[in-house]
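Written out below as structure tokens is the structure these notes cover.
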Amino acid sequence: MDFELGDEHRELQRRCRALAADFAARSAEHDRHGTHPTENYGRLRAEGFLGLTIPRELGGQGVDFLGHTIAFEALGRGCPSTALAFNMHASVVMPVMDSTEAAAAAKQYLARLAVDEGRLIAGNFSEAGTTSLIGERPLSARARRVAGGWSVTGRKMFASMLGAADYCMVMAYPEDMTGRYAGIVLLVPREAGGRRVEANWDTLGMRATRSDSLILEDCRLPDAAALFHSNDIRLFRQTSLNWFWGSYTAVYLGVAQAAYDELRRVMKARRPEGYAQPLAYHPDVRRHIAELSADLEAARLVTYRSAWLSDTEGPTAETTAALYRAKYLVGETVSRITRAALTLGGAHGIFKGSRLEQLFRDGAIGPLHPPPSDFCLYNMGLYELDLDPGEVLPPLKPA
């Protein structure tokens, strides 16, 4: 098995590390004020990242999922919020691109917006009733046919970079369908009437993602805004788990690496008064660093393998289990590394503006970012024991 990255992946990694170094200089300020890092989005736009993974035949660069993973791990080391929010673009565009159900015209339209016009697309499928631990994602937002298009009404949550993006892709229940799992995917432009942002994103970590709520009140959209609809949306959702949530795993891997790098820097730089050596020589520090290095490398290898499986095998049961395994391991690893880094860094690291303090808060989001750790374990257990989910008792008693 070849663990060496190819030349294209290495060059992409190099570019992203250079961007991350620039983004890191502004990360603390955006985190403190909870502001959109629009200058970072502008650089990513200028560097062609809006079309990074869009197929070459549609004008994009055609980078595979492993390449995307390598890129966003590197970006996550600079400004975690920038990487997490900007990943939203690929996480909603690529499921449409990869879908066997979406029409060619919808794919061409999306590619034209992203590649030719440089439009940044956010996504907003989550709602107030979403419970990640259960996995159910019912749709309360409603789309109603009107003359020339659709009227959409509902409240959506966790829409990263909502106020900075040109469009927001939303999922709603189409009132002209009857299936329990029916759904429609629409593009809502920033200037659409009946669309407003409720700025309620005041959180522990990932503050500059500005994942505010989207309120739609008889929001009128043309027919062209409807990218895809089905009486059973489950296939669309289940065959693109790599993009819908697996693409975020790499960002938290980058946060873990950033915390590990900062911890090593602090330990080698700090020399207690009265001693000839820095803290790096302390045996407890050396042991912790060694443990964290093993955790980090294991998480990286598991994540890269899940991306490789996604590219080579597609959405198989093994690939899905690997994606859950990577999300679980990275979530636990980033939490462990950022916590250990803050503890070893001492009281100097707990002040606002400290790199370790910010990474600790951003890393704390990792285990609960959907799918949360317990839900990952639930699905991994089903796969490892070869169980039929339909024959397993539900985690809670249905109403």
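A few remarks follow.
- Residue-level accessible surface for residue 268, protein heavy atoms, 1.4 Å, Å²: 130 Å²
- Note on residue 344: accessible area is roughly 40 Å² with a 1.4 Å probe, heavy atoms of protein only.
- In the chain, Cα pairs under 8 Å separated by at least six residues give a relative contact order of 17 percent.
- Computed extension length for residue 223-residue 270: 10.8 nm, one decimal, from 0.36 nm per residue of separation with the Cα-Cα distance subtracted.
- Solvent-accessible surface (1.4 angstrom probe) belonging to residue 378, in square angstrom, nearest 10: 90 Å²
- Applying 1/(1 + (r/R0)^6) with r as the Cβ-Cβ distance of residue 57 and residue 397 and R0 = 51 angstrom yields a FRET efficiency of 0.55.
- Prolate/oblate/rounded call for region 138-246, Cα gyration tensor, a/c under 1.5 rounded: oblate
- For region 71-167, the per residue solvent-accessible surface stands at 33 Å², with DNA, RNA and ligands left out and a 1.4 Å probe.
- When a 1.4 Å probe is rolled over the protein heavy atoms, the share of accessible surface on region 281-365 that falls to carbon and sulfur comes to 60 percent.
- Carbon and sulfur %, accessible surface of region 144-246 computed with the full protein complex present, 1.4 Å: 51 percent
- For the chain, modelled as a GNM whose springs connect Cα atoms under 10 angstrom apart, the maximal fluctuation among 359, 292, 162 occurs at 292.
- Under the Debye formula (equal points on every Cα, no solvent term), log10 I(q)/I(0) of region 187-293 at q = 0.10, 0.11, 0.16 Å⁻¹: -0.61, -0.67, -0.98
- Debye equation applied to the C-alpha atoms of the chain, log10 I(q)/I(0) at 0.08 Å⁻¹: -0.42
- In the chain, a dipole from Cβ-located charges (positive for Lys and Arg, negative for Asp and Glu) runs towards its positive end, and of 283, 372, 108 it is 283 whose Cα lies farthest in that direction.
- Evaluated over the Cα positions of region 262-399, the convex hull gives a direction-averaged projected area, one quarter of its surface, of 11.9 nm².
- DSSP bridge orientation in the chain - percent antiparallel, rounded to nearest 5: 80 percent
- Comparing 71, 269, 393 along the charge dipole axis of the chain, the residue lying farthest to the positive side is 269, per the Cβ-charge model.
The values are calculated or read from the model by the stated rules, or taken from the named source; none is laboratory data. This one's a predicted model, so the numbers in the text were calculated from it and none came from an experiment. Cβ: placed from backbone, ideal geometry, glycine included. Neighbour counts: every protein chain shown. Accessible surface areas use protein heavy atoms only, side chains included; no ligands, DNA or RNA. Shrake-Rupley method; radii C 1.70, N 1.55, O 1.52, S 1.80 Å.
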